[in-house]
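Input: a single structure, listed below in structure tokens.
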Amino acid sequence: MSLRASNPALRADNSTLEDLALVMPKNCESKEGTLHLAGVDLFKLAKELGTALYVYDEDMIESNILRYKQGLESKLPSAQVCYASKAFICKDLLKMLARHGLYLDVCGGAEIYMAQLTGFPTENLVFHGNNKTPQEIREAIDAGVGKFVVDTKEELDRISEAAYEMGVNQKVLLRITPGIVADTHSFIQTGSEDSKFGFTIAHDTAKDAVAHALSLPHLKLMGFHMHIGSQIFNLEGYSQAISVMVDFIKDIYEQMDYLPEEFDVGGGLGIAYTVHDKPTSIEQFCDYIGDELLKGFNEAGLELPKIYIEPGRSIIGNAGITLYSVGSVKEIPGVRTYVNVDGGMSDNIRTALYGAEYEGVIVNKADELRSELVTVAGKHCESGDVLIVDGSLQEAEVGDVLAIFATGAYCESMSSNYNMQTRPAVVFVRVGSYHTVKRRETYKDLLAREL
Ligand SMILES: Cc1ncc(COP(=O)(O)O)c(C=O)c1O
């Protein structure tokens, strides 16, 4: 693979740190020309702990949690926030979520195991995934997982059978695909007809699933779930999906006399990755969803079920940055300049996977203008191993530390050991001090599974 050719008309935007306010963690600032996070000098931190390094603004994560809780209070006071752990998970975060009474969307046996180990209330776990294994189903029931979100008829049967054998009644939600196309990258659209997730409303598939779930004696059908996609800016898709779901719920009520106790509207609120992104705020999003739900159920003459929302990216994404060391700068006259760093697609696959865009800053030159147009490349054996394509940056030199912003979601959680790369440590920073929440992997860790 080769990169798209640089457009010769493209120029660096000469932007400053101030221009990046929406993209950066809220406690990031320059002090005497060096980027600091919550009072911690990021250049020194990188030299002390090594790079690549994931760094999180702990205070910002907590403030985003509170913004969601407070944002829902006026219109949906009984609504519950359920954090999507696939965005990023670690024990310290789980403890913070539990302290604030959040629920947790988990998507695999190990996420449940980790929640259990951390003392997260397992009745507040919501177990997702379009093909949970029989073993995961039993582990989840055994752990006392609150609810399963079910995507297929086969899974309804599997959960019912396991619940019968284990002597429990298991609560479930059915995931419904409302058949709308969210305004985002096709890889992260999940609510359209052509989706591996959930039951489609067309051809009575979802209605048949309701009948089937209600017929199974060891399941308790609590209601419905939808998730239309991720990194969504235009909220119109939520309005359309809620309207489709209300019509569906009304039909089910009229035809089967079943009313859901719960309705989970999923996650998906977008965040600012670049200076051009203008996402809706958490408060506006909560208000919008509240209005649409109240209007929809009211007009249909239906009681509003208990509402759940499942944000991931918008809680954690902008709170995280990744630090790298610049190892070399390769200028190809008339083509492009590569800034080569000591990480790449193993710690952030999003650029290679779906052309995600990011902003970066040279930590030790934070007050300088971003006057160079560069491509930030990783150290892996793939030409597509890039982190930023044609982005503005201060003039980079060997030994500089580069910060890439908005890497808090779907970077560490999607990281890999490609080229037997050891995964970076994760550090939480708060008011002038930091603590490592995950240590850097070692070569020994990488060999631990060899027999
Ligand atoms: C079922 C479900 N809920 C919630 C989320 C969280 O989405 P986001 O991180 O965009 O808020 C996802 C992520 O794709 C998801 O698959």
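Report the relative contact order of the chain, percent, no decimals, based on alpha-carbon pairs under 8 angstrom and at least 6 residues apart. Relative contact order here is 22 percent.
Arranged by the count of other C-beta atoms within 10 angstrom, fewest first, what order do 194, 57, 264 take? Could you put the intermediate results ahead of the total?
On the way: 194 10, 57 25, 264 28.
The order, fewest Cβ neighbours first, is 194, 57, 264.
Projected label points at residue 196 and residue 353, each 7 Å from Cα along the beta carbon direction, are separated by 1.2 nanometres. Enumerate the residues in the stretch 385-412 having an amide nitrogen under 17 Å from the point lying 7 Å beyond the Cα of residue 274 toward its Cβ. Residues passing the 17 Å test: 386-394, 404-407.
How much length is gained if the chain between residue 15 and residue 369 is pulled fully straight, taking 0.36 nm per residue apart and subtracting their Cα-Cα distance, in nm to one decimal? Walk me through the numbers before you get to the answer.
Numbers: separation 354, 0.36 × 354 = 127.44 nm, distance 0.57 nm.
Full extension of this stretch gives 126.9 nm more.
FRET efficiency for the residue 450 to residue 258 pair, using the beta carbon distance and R₀ = 56 Å, is estimated at 0.60.
So if we plug the beta-carbon distance of residue 117 and residue 443 into 1/(1 + (r/R0)^6) with R0 = 30 Å, what FRET efficiency do we get, rounded to 0.05?
Values: r = 26 Å, r/R0 = 0.85.
The formula returns an efficiency of 0.70 here.
Quote to one decimal, in nm, the extra length available between residue 142 and residue 397 on full extension: 0.36 nm per residue of separation minus the C-alpha distance between them. Show your work: numbers first, answer last.
Values: separation 255, 0.36 × 255 = 91.80 nm, distance 5.44 nm.
Difference between extended and current length: 86.4 nm.
The label point for residue 100 and the one for residue 215, both projected 7 Å from the Cα toward the Cβ, are 4.3 nm apart. Determine the alpha carbon to alpha carbon distance for each of 86/207; 365/438; 69/295; 75/250; 31/69 and list only those over 26 Å. 86/207; 365/438; 31/69, as the Cα separations exceed 26 Å there.
How big is the charge dipole of the chain about its Cα centre, in debye rounded to the nearest 20, if each Lys and Arg gets +1 on its Cβ and each Asp and Glu gets -1 on its Cβ? If you can, show how the numbers build up before the last one.
Working: 41 positive and 64 negative charges, 192 e Å.
Charge dipole of the chain: 920 debye, to the nearest 20.
Ranked by the mean number of other Cβ atoms within 10 Å of their residues, highest first, the peptides 356-363, 308-315, 240-247 come out as 308-315, 356-363, 240-247. Counting only alpha carbon atoms, the long axis of helix 134-143 and the longest principal axis of the chain meet at about 80°.
Every number here is computed from the coordinates shown, using simple stated rules; none is lab data. Every value quoted in this text rests on a predicted model; they were computed, and no experiment measured them. Ideal geometry is used to build each Cβ from the backbone, glycine not excepted, and the neighbour counts take in all protein chains shown.
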